[in-house]
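Chemist: Below is one structure. I have some questions about it.
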């Protein structure tokens, strides 16, 4: 018999990691272990002290699991979404990731993450030469999603990457801005065309986001 912080080993009944165990309870003289695969294991006639040790070990495993900080899915790329922008973050992204056609139907990366990547890319593409990766057509793997965000950040038309790019096309944009009327502008997120705002530069100045000092108004004023 072996009971540790990681596993429960009671031959010949069970030997498994705590992460495979859903719950524990007792009934009469039985210890009943419910597994995550919906199976149950019944162990008879265990001493009370052993049962208490098993319950305490399981409780400790659950507490430690709940106290663990959530994993940052981008930590292996050297990009902390809570830290300041730095050039090594961009280098880490482009060098650590590879196109994976097996992941072409992956879910979309959160928009706020892509926007962070685009912002960092823009900041340092103005200061240093950055090798921006080229996304593959009709692929949604993490590499291609991030590549598209980086291409957009530098103003490249991702649908025509093999064509010559004009100076006008290379203008960076966190927002697409179009005049929509007298002193009225439509501001659209190039990474998500469903995110749109109307900015009015008349009296009073305002934006449909509800803020009077938002980045949408500032972007229009800079154009």
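The values are calculated or read from the model by the stated rules, or taken from the named source; none is laboratory data. Everything numeric in this text was worked out from a predicted model, so none of it was measured. Note: ideal-geometry Cβ built from the backbone for every residue, glycine included; neighbour counts use all protein chains shown.
Chemist: Would a scan of the stretch 53-62 turn up a residue that is modelled with pLDDT under 95, exposed (fewer than 11 other Cβ atoms within 10 Å of the Cβ) and either in contact with a helix residue (DSSP H, G or I) (Cβ under 9 Å, 6 or more places away or on another chain) or not assigned by TED's automatic domain parsing to the domain that holds residue 142 (or both)?
Modeler: no
Chemist: How many residues are closer than 17 Å to residue 52 by Cβ and surrounded by fewer than 12 Cβ atoms within 10 Å (Cβ to Cβ) if we restrict to the stretch 6-22?
Modeler: Here the count works out to 0.
Chemist: Which ones in the stretch 191-220 are under 30 Å from residue 144 (Cβ atoms) and either crowded, with 17+ Cβ neighbours inside 10 Å or out of contact with any strand residue (DSSP E or B) (no Cβ under 7 Å at 6 or more places or on another chain) (or both)?
Modeler: 191, 192, 193, 194, 197, 215, 216, 219
So that you can scan it fast, the table gives a plain yes or no per residue for (1) surrounded by 16 or more Cβ atoms within 10 Å (Cβ to Cβ); (2) modelled with pLDDT under 80; (3) in a loop (DSSP other than H, G, I, E, B):
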residue	(1), (2), (3)
84	no, yes, yes
92	yes, yes, no
98	no, yes, yes
102	no, no, no
117	yes, yes, no
124	yes, yes, no
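Chemist: Being at pLDDT 95 or above and either surrounded by 10 or more Cβ atoms within 10 Å (Cβ to Cβ) or not assigned by TED's automatic domain parsing to the domain that holds residue 121 (or both) narrows it down to one of 79, 31, so name that one. Walk me through it before giving the result.
Modeler: On the way: 79 fails: at pLDDT 95 or above.
Matching residue, one of 79, 31: 31.
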